[in-house]
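Novice: I'd like to ask some things about the structure below.
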Amino acid sequence: MTTTLPHFQTILLERRERLLVVTLNRPDALNAVDRVLHDELPEALGFAGTDPASDVILLTGAGRAFSAGGDIAHMEHNAAHPHLFDHEARQAKRIIAALLDIEKPVVCRMNGHAVGLGASIALLCDVIFAADGARIGDPHVGIGLVAGDGGAIIWAQRVGLARAKEYLLTGELLDARRAAEIGLINHCVAPADLDSEVDSFCAKLLAGAPQAIRWTKILTNMELKRIACAVMEAGIAYESLSVRSADHREGITALKEKRRPRFTGR
């Protein structure tokens, strides 16, 4: 069976027999999420989930990073015109829902840093292999934003509530080795071994019984989807409020100027 692969500006799709590779493809921007990638990602994930010609999905990033999170220029534009974030909020919900609805196993090849929304995308995959030296974290609070687009949903499910609060409330980034130690990701491997480790694991899944694997994933995702339904609307609402704050504007300015922000609580 062959199915034509759709084309996107910021995402590459590649078929390797029954493996579908989805690559975030803004390497010059470290695969940071701009308006186009926000719009294309739920479409690409929706296709991947229903593609009849694949049984396993591999999600990765082009170049040096998995995803550096929000594109700075894009976030600055939204901060100046916060009504535009309403569109981003809808797309964020679609991205999270698409990842949770995919019945096939999704393997993350975290080839480099995964930050903010990039971290949420990685963590919502089923099994994560990260290159040693990569870092992962959700520093929304560091730019005066609420971690409402996935962080509040997935971190506690992976590392427990106490550790999730520690990392979400500080925005601290973890190196891949530490992330593997605490169970945030599955495996930290030498960069030279990343492809072979990922390929070997995908081959193991592809050799398995597709229906049994999918239905087992459906079962294990039921509680996660229940939590997402309970948290996502409030999370996006609080993030929408924080987008309109002076602290967020200061956070963006400080990020551009490479200095510590001076937050005032406004």
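Novice: What FRET efficiency, computed as 1/(1 + (r/R0)^6) with R0 = 25 Å and r the Cβ-Cβ distance, is obtained for LEU5 and ASP86, rounded to the nearest 0.05? Don't jump to the answer; show the numbers that get you there.
Specialist: Details: r = 31 Å, r/R0 = 1.24.
Working from the Cβ atoms, E equals 0.20.
Novice: Among LEU59, LEU12, what's the order by accessible area (1.4 angstrom probe), most exposed first?
Specialist: Order by accessible area, largest first: LEU12, LEU59.
Novice: What is region 73-155 by shape, rounded, prolate or oblate, if you read a ≥ b ≥ c off the alpha carbon gyration tensor as root eigenvalues and call it rounded for a/c under 1.5, prolate for a/b larger than b/c, and oblate otherwise? Mind showing how you got there, number by number?
Specialist: Working: a/c = 2.37, a/b = 1.42, b/c = 1.66.
Oblate.
Novice: Among DSSP beta bridges lying fully in region 92-196, give the percent that are antiparallel, nearest 5. Spell out each step's value before the answer.
Specialist: Working: 2 of 11 bridges.
Looking only at bridges with both residues in region 92-196, the antiparallel portion is about 20 percent.
Novice: Just to check I understand the Karplus step: with θ = phi - 60° and J = 6.51 cos²θ - 1.76 cosθ + 1.60, what whole-Hz values come out for region 240-248, glycine and proline as x?
Specialist: Residue by residue, region 240-248 yields 4, 5, 5, 4, 8, 8, 5, 4, 5 Hz.
Novice: Ignoring ligands, DNA and RNA, what percent of the 1.4 Å accessible area of the chain is carbon and sulfur? Mind showing how you got there, number by number?
Specialist: On the way: 6830 of 12360 Å².
Of all accessible area on the chain, carbon and sulfur atoms account for 55 percent.
Novice: Quick one: of the DSSP bridges fully inside the chain, what percent are antiparallel, nearest 5?
Specialist: Numbers: 8 of 29 bridges.
Rounded to the nearest five, the antiparallel share is 30 percent.
Novice: Let me ask something else about it. Using a 1.4 angstrom probe with every protein chain in place, what is the largest-first accessible-area order of LEU206, LEU194? Present the calculation step by step, with values, prior to reporting the outcome.
Specialist: Details: LEU206 65, LEU194 5 Å².
Accessible-area ranking of LEU206, LEU194, largest first: LEU206, LEU194.
Novice: Now for a separate question. Find out how many positive minus negative residues lie around ALA237, taking Lys and Arg as positive, Asp and Glu as negative, among other residues whose Cβ is under 12 Å from that of ALA237.
Specialist: Values: positive: LYS93, ARG244; negative: ASP86, ASP149, GLU233, GLU239.
Net of charged neighbours comes to -2.
Novice: Give me the accessible area of CYS229, 1.4 Å probe, in Å² rounded to the nearest 10.
Specialist: 110 Å²
Novice: For SER245, what accessible surface area do you get with a 1.4 Å probe? Give it in Å², rounded to 10.
Specialist: Its heavy atoms expose roughly 20 Å² to the probe.
Novice: According to a simple spin-label model (label point 7 Å from Cα along Cα-to-Cβ), what is the distance in nm between LYS204 and ASP39?
Specialist: Label at ASP39, label at LYS204, 4.1 nm between them.
Novice: OK, next. What does the charge add up to near ALA164, with Lys and Arg as +1, Asp and Glu as -1, over the other residues with Cβ less than 14 Å from its Cβ?
Specialist: Result for the neighbourhood of ALA164: 0.
Novice: Continuing with this model, one more query. Sum up the charges of everything whose Cβ sits under 12 Å from the Cβ of PHE66, counting Lys and Arg as +1 and Asp and Glu as -1, but leave PHE66 out.
Specialist: Details: positive: ARG26, ARG64, ARG109, ARG135; negative: none.
Net local charge, PHE66 excluded: +4.
Novice: Rounded to the nearest 0.05, what FRET efficiency do ARG177 and GLU197 give with R0 = 22 Å and r taken as the Cβ-Cβ distance? Could you check? Write out the running numbers ahead of the final one.
Specialist: Values: r = 15 Å, r/R0 = 0.66.
Calculated transfer efficiency: 0.90.
Novice: Which shape class, rounded, prolate or oblate, goes with region 123-212 when its Cα gyration tensor gives a ≥ b ≥ c as root eigenvalues, a/c under 1.5 marks rounded, and past that a/b bigger than b/c marks prolate? Don't skip to the answer; put the middle values down first.
Specialist: Details: a/c = 2.62, a/b = 1.68, b/c = 1.56.
Verdict is prolate for region 123-212.
Novice: Got a number for the accessible area of THR60? Probe 1.4 Å, square angstrom, nearest 10.
Specialist: Estimated to the nearest 10 Å², THR60 gives 10 Å².
The values are calculated or read from the model by the stated rules, or taken from the named source; none is laboratory data. Just so you know, these numbers come straight off a predicted model, no measurement behind them. Note: ideal-geometry Cβ built from the backbone for every residue, glycine included; neighbour counts use all protein chains shown. The accessibility values were calculated without ligands, DNA or RNA, using every heavy atom of the protein model including side chains. Shrake-Rupley method; radii C 1.70, N 1.55, O 1.52, S 1.80 Å.
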